[in-house]
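Accompanying notes for the structure given below.
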Amino acid sequence: MRSLSRLWPYLRPVRARFFTAAGVAVVASCLGLVIPLVLKWMVDGPVADRDPGGVWLGGALLLVLGIAEAGLFGLRRWLVGRPLAAVEASMRTDLYRHLQRLPVSFHDRWSSGQLLSRATTDLMLLRMFLAFPLTFLVVNGVTVLAGFAILFAQQWTLGLVLLLPAVPLVVLCSVFETRYAVVARAVQDQTGDLTTVVEEGVLGVRIVKGFGRHRSQARAFRALTERVRSTELRKAGLLATIWALIMTLPELAIGTALVLGTVQVADGELSAGTLVAFLSTALTLRWPVESLGFLLAMSQDAATATDRFFEVMDEPTAEPQPATQEAAAQQASATRNGSAPSSGSAPSNGSAPSNGSAPRDGLRFAGVEFRYADAPPDAPPVLAGVDLHIRSGETMALVGATGSGKTTLTALVPRLHELTHGRITLDGRDITALPRDELRELVAVAFEEPTLFSATAGENVMMGAAEVTEADLLRALDVAQADFVHALPKGTDTQVGEQGLSLSGGQRQRLALARAVVGQPRFLILDDPLSALDVHTEALVEAALRQVLATTTALVVAHRPSTVLLADRVALLSEGRITAVGTHHQLLCDSAEYRSLMSGDEREEAR
């Protein structure tokens, strides 16, 4: 109940129709209890008196009650159908919105299959629970109480006989719920794992086929499906056991009551009509009692689905760390005083000191430190005290060995990760003091691994800015040398397919570069944007890109001399720190590590 009670905020907007539907269902179920009373009247009255007219009247009354009961249950379904579909849609929308706001570190930890199963299967289970089990747990409870009141009113001794299974049923249901909860959670988690394997198999089908690994992948998939099947069988076995016991105990009680009632009728202590009504009422209560097993099972499935849903919803969105919160407060205070904050006392690696009141201070890293949240406590930080100033309008190339933290550093600027200590400022404004929407309008990013969506080529490019004209789109395609788009069957309106796999790697990278420059951002972060291009195309892109870089402040992760030459200056990142800043030629003369990286000769550094 603690888990399921968390659904109330989503149920509150439709509570009027939901409670009305529950009330209608209670009335419909209680109408079923009136039928045995009509039977009692018929047996003790018209049947005993051999009155055909009374029998026809009783039959008509039973028909009216049956039609009314069916009509009310139909009305209940109509009342809850649309509202609960809206509840499911609202929960799915909130989940998707929350996933977009969660930090990248969360998505690094969670598999996509687990998130997909929570957004689809789990929410479907919750809608089904709200539509049927939740209502009928209440309806059946009211029906059983009303039914036993009628039974005790008719013959309290026989009512006690039917009440005897109550205690063992409560104990059995408690044990069942405890065991079923564990298995239900295991099934839903394993289904999420299975979804992940299917997704990876589809997206990685080229690798599977290219290396001839389809048989080994199939074996791994079969092993996982067998695991899910085994858990599902355990779940079905538990449900079968509890259902068998829930059905057997009431049947034994009804059988005992039938024998005792028949004896009482024979002794003249009970009328035949009363016995018929008593047994009819008892049989009417069979379904509310026997349904308890699968209603509890569906409720437990729903409780597990609710826990899985809120496991994601309870994850905190990316918020500034304490150090960055302090920086944000300093930024706000400086703004109130009418001046931009200074960049701190951190060295600027040879750059000219900036005027704290200058409106265009560029991009500045001051004492930036970062470590991943799941890193061991004794592990060194990925970035340790990075100090770097990229002047306004300047292009800075970032060079470093593999694993030195280049991509991590670039991800801190648009706040894909939250820095641990230090500050990053854009034109003197701390990024933690900027609304995320404004920050990401100022900063555009092109990643080394381009990601495209199941949309048209033009739509993929226009994702880079909120308002883009056709002229902006064509200009961005020209800068990225993505003119191949015009040769596609429908030009910019051509669907590129999931992950853009219908395009080559170089084509995907050029579209991603076009997406980064389409909005003419104030700051541009490029993570090795030309790695998948051939030499000829790379030269053309570089020539066009120079015009863009001349009007923006850019940080470019580079691995090749041709990319480095796009930059005004170069920063060398080594072991999480900026160890050298200068022009390409200065670093070639002064830094053995830089010469080694540019030449690819590991022996150079040892000289």
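The values are calculated or read from the model by the stated rules, or taken from the named source; none is laboratory data. Fair warning: this is a prediction, and the values are worked out from it, not measured in the lab. Ideal geometry is used to build each Cβ from the backbone, glycine not excepted, and the neighbour counts take in all protein chains shown. Ligands, DNA and RNA are stripped out before the accessible areas are found, and what is left, the full protein with its side chains, is counted by its heavy atoms. Shrake-Rupley method; radii C 1.70, N 1.55, O 1.52, S 1.80 Å.
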> Can you give the charge dipole size of the chain about its Cα centre, rounded to the nearest 20 debye, using +1 on the beta carbon of Lys and Arg and -1 on the beta carbon of Asp and Glu?
Replying inline: 800 debye
> Going from most exposed to least, what order do ARG415, ARG227, ARG77, ARG92 have by accessible area with a 1.4 Å probe?
Replying inline: ARG77, ARG227, ARG92, ARG415
> Which value, in Å² rounded to 10, gives the accessible area of MET91 with a 1.4 Å probe and all protein chains present?
Replying inline: 0 Å²
>> Per-residue counts of other Cβ atoms within 10 Å, averaged by peptide: what ranking do you get for 389-398, 249-258, highest first?
In response: 389-398, 249-258
>> Treating only the Cβ of Lys, Arg, Asp and Glu as charged (+1, +1, -1, -1), what charge dipole size does the range 81-157 show about its Cα centre? Round to the nearest 20 debye.
In response: 200 debye
> Using the per-residue mean of other Cβ atoms lying within 10 Å as a proxy for protection, in what order, highest first, do the peptides 260-270, 562-572, 304-314 fall?
Replying inline: 562-572, 304-314, 260-270
> With every protein chain in place, what's the accessible area of ARG76 (1.4 Å probe, Å², nearest 10)?
Replying inline: 10 Å²
> Using 0.36 nm per residue, how much length does the chain from HIS98 to THR262 gain when fully extended, once their Cα-Cα distance is taken away?
Replying inline: 52.6 nm
> Which order do peptides 124-133, 111-120 fall in by mean Cβ count within 10 Å, highest first?
Replying inline: 124-133, 111-120
>> Can you list residues from other chains, or at least 5 along the same chain, whose modelled amide H is less than 5 Å from the amide H of GLU394?
In response: ALA554
>> Report the gain in length on full extension from ALA592 to THR120: 0.36 nm times residue separation, minus Cα-Cα distance, nm rounded to one decimal.
In response: 164.4 nm
> Say each of LEU203 and ALA68 gets a label point 7 Å from the Cα, pointing the same way as Cα to Cβ; how far apart are those two points in nm?
Replying inline: 5.9 nm
>> For the chain, what does the helix formula give at 222 nm: sum of -39500 (n - 2.57) over DSSP H segments with n ≥ 4, over the residue count, nearest 500 deg cm²/dmol?
In response: -19500 deg cm²/dmol
>> Sequence gap at least 6, Cα distance under 8 Å: using those rules, report the relative contact order of the chain to the nearest whole percent.
In response: 13 percent
>> How large a share of the accessible area of the chain, in percent, is made up of carbon and sulfur atoms when the probe is 1.4 Å and the other protein chains stay in place?
In response: 60 percent
>> Given points 7 Å out from each Cα along the Cα-Cβ axis, report the SER230 to ALA86 separation in nanometres with one decimal.
In response: 4.6 nm
> Which helices, taking whole DSSP H runs in the chain, have alpha carbons extending 24 angstrom or more along the helix axis plus mean Kyte-Doolittle at least 1.0?
Replying inline: 15-42, 133-154
> Once Lys and Arg get +1 and Asp and Glu get -1 on their Cβ, which of VAL142, ALA89, LEU238 lies farthest toward the positive end of the dipole of the chain?
Replying inline: VAL142
> All other residues with a Cβ under 10 Å from the Cβ of THR563 taken together, and with Lys, Arg as +1 and Asp, Glu as -1, what is their net charge?
Replying inline: -2
> Probe 1.4 Å, all protein chains in place: accessible area of TRP243 in Å², nearest 10?
Replying inline: 80 Å²
>> Considering all projection directions equally, how large on average is the shadow of the alpha-carbon convex hull of the chain, in square nanometres?
In response: 39.1 nm²
> Which residue, chosen from MET247, LEU573, ALA401, occupies the Cα position most advanced towards the positive end of the dipole of the chain, where the dipole is computed from +1 (Lys, Arg) and -1 (Asp, Glu) charges on Cβ about the Cα centre?
Replying inline: MET247
